[in-house]
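These notes are about the structure you will find just below.
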Amino acid sequence: MLPRPRFARPTRVTTLIVVTALSLSMTAVAVAGGAMSVPTFVPKMADQVTNLDILRSQIKNYYGTPTAATGMTNCNKNLAPAADSNYSAEAAGVAADGSRWLSTGWRPTGAAKAIVLDVDDTTLATWNYELCSNWAFDPGTNGQFVTDQRFPAVPGMVAMVNQAAENGYAIIFLTGRGQSQEAATLGNLTHDGIGVDAGYPNPTTLNDGEDGLFTKPPVGSYPAYLNKPQFCGPSITAGVSCPTVLYKSGVRAHIEDLGYEIVGNFGDQFSDLKGGFADKTFKMPNPNYFLP
Ligand SMILES: [Mg+2]
């Protein structure tokens, strides 16, 4: 694939300011235009939100790395979530739910069966980057982690995806990472001898010849199948980035138009999962950030 200009990842909103809102039973909802609203509220009292330093400590405990250093100078850029952490147990539990659904829950329709997987914090764990960036996403430093292929697999997911591939599922990755990051993303997910090789199977080549790793094209280069009113048409007309829900659901619709049945869709963000075109969705745990 030709090198493309770097596509800036959408600004993300740290969960540090919204966790308490979620605990107050407010939920993210889709809004006009396909963007998702951030579930939040205006605290009347300081006690209604978790102290930021305490919250950072709680999240470190969840990932089983209570003493991990933060900041690019002091952090461990190769740190993985602890295997015995509650995060690892929760992620592996979702992966096991997925395996059960793919092997026994699904009723065959006659279409070719497929699964769709997000990348960051669905198949690859970015816990090291959260610590190194002190939960402040920066396209430059994040891009270096991507290029260096530093992200380990999310616990439980490699076994689930390999089993699905063995059972005849097309394996399709769908990420908001930009096209310029496609080669490094593929290498980190699979095996290229650079940095981490997470051990996922190669993405399936689809029946129209497309590779099964969908990275997000730059504005101005969206494929024609996204240029529909219900997907990225309005964004294409306006010359702006297509919101995640509309972009990802538009790609899933395209995959199903090719004759695949998306039996399971796995993501860590609600914006990975909303918009239909999957029989069942699986939400991976991620207390670190919220992507509308
Ligand atoms: Mg993700």
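The values are calculated or read from the model by the stated rules, or taken from the named source; none is laboratory data. For clarity, every value in this text was computed on a predicted model and none was experimentally measured. Cβ atoms come from the backbone with ideal geometry, glycine included; neighbour counts cover every protein chain shown.
For the reader, a short list of remarks on this structure follows.
- Pick from segment 59-106, criterion in a loop (DSSP other than H, G, I, E, B) and polar (S, T, N, Q), ranking: surrounded by the fewest Cβ atoms within 10 Å (Cβ to Cβ): Thr67
Yes or no, residue by residue, for (1) within 30 Å of Ala165 (Cα to Cα); (2) away from the ligand (no atom under 15 Å from the Cβ); (3) at pLDDT 95 or above:
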| residue | (1), (2), (3) |
| --- | --- |
| Ala111 | yes, yes, no |
| Ala114 | yes, yes, yes |
| Val119 | yes, no, yes |
| Thr122 | yes, no, yes |
| Ala125 | yes, no, yes |
| Asn134 | no, yes, yes |
| Asp138 | no, yes, yes |
| Asn142 | yes, no, yes |
| Thr147 | yes, yes, yes |
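- Residues of segment 225-276 classified as under 23 Å from Thr123 (Cα atoms), crowded, with 20+ Cβ neighbours inside 10 Å and among the small types (Gly, Ala, Ser), total: 6
- Those residues of segment 150-189 which are more than 16 Å from the chain's Cα centre (by Cα) and of a type in the set (S, T, N, Q), in sequence order: Asn162, Gln163, Asn167, Ser180
- Scanning segment 237-286 for residues that are touching a Cys at 6+ places or on another chain (Cβ under 7 Å) and either within 15 Å of the ligand (Cβ to nearest atom) or at pLDDT below 95 (or both) gives a single hit, Tyr247.
- Neighbours by Cβ (under 8 Å, 6+ apart or cross-chain): first from segment 152-172, closer than 24 Å to Tyr87 by Cα; second aromatic (Phe, Trp, Tyr): Ala153/Tyr200; Pro155/Tyr87; Met157/Tyr200; Met157/Phe266; Val158/Tyr200; Val161/Tyr200; Asn162/Tyr200
- Yes/no for Asp208 being surrounded by fewer than 22 Cβ atoms within 10 Å (Cβ to Cβ) and either under 25 Å from Tyr87 (Cβ atoms) or among the β-branched types (Val, Ile, Thr) (or both): no
- When each of Tyr289, Tyr225 is tested for being farther than 15 Å from Val116 by Cβ, at pLDDT 95 or above and within 12 Å of the ligand (Cβ to nearest atom), the lone residue that passes is Tyr289.
- Pairs with Cβ under 9 Å, 6+ apart, first in segment 111-122 and without any contact (Cβ under 8 Å) to a residue 40 or more places away in the chain and of a type outside the set (Gly, Ala, Ser), second within 12 Å of the ligand (Cβ to nearest atom) and not in a strand (DSSP E or B): none
- Qualifying residue in segment 200-216 (condition: more than 28 Å from Ala111 (Cβ to Cβ) and at pLDDT 95 or above): no
- Boolean, Ala153 is in contact with a strand residue (DSSP E or B) (Cβ under 8 Å, 6 or more places away or on another chain), modelled with pLDDT of 95 or more and surrounded by 19 or more Cβ atoms within 10 Å (Cβ to Cβ): yes
- Remark: Val42 falls outside the filter, which requires a residue to be in a loop (DSSP other than H, G, I, E, B), surrounded by 12 or more Cβ atoms within 10 Å (Cβ to Cβ) and at pLDDT 50 or above.
- Ala170 being at pLDDT 95 or above, of a type in the set (Gly, Ala, Ser), closer than 25 Å to Arg252 by Cα and surrounded by 20 or more Cβ atoms within 10 Å (Cβ to Cβ): yes
- Restricting the first member to segment 259-275 and to residues that are on the phi > 0 side of the Ramachandran plot, and the second to residues that are assigned to a loop (DSSP other than H, G, I, E, B) and near the ligand (Cβ under 10 Å from one of its atoms), no beta-carbon pair is closer than 8 Å while six or more apart or on different chains.
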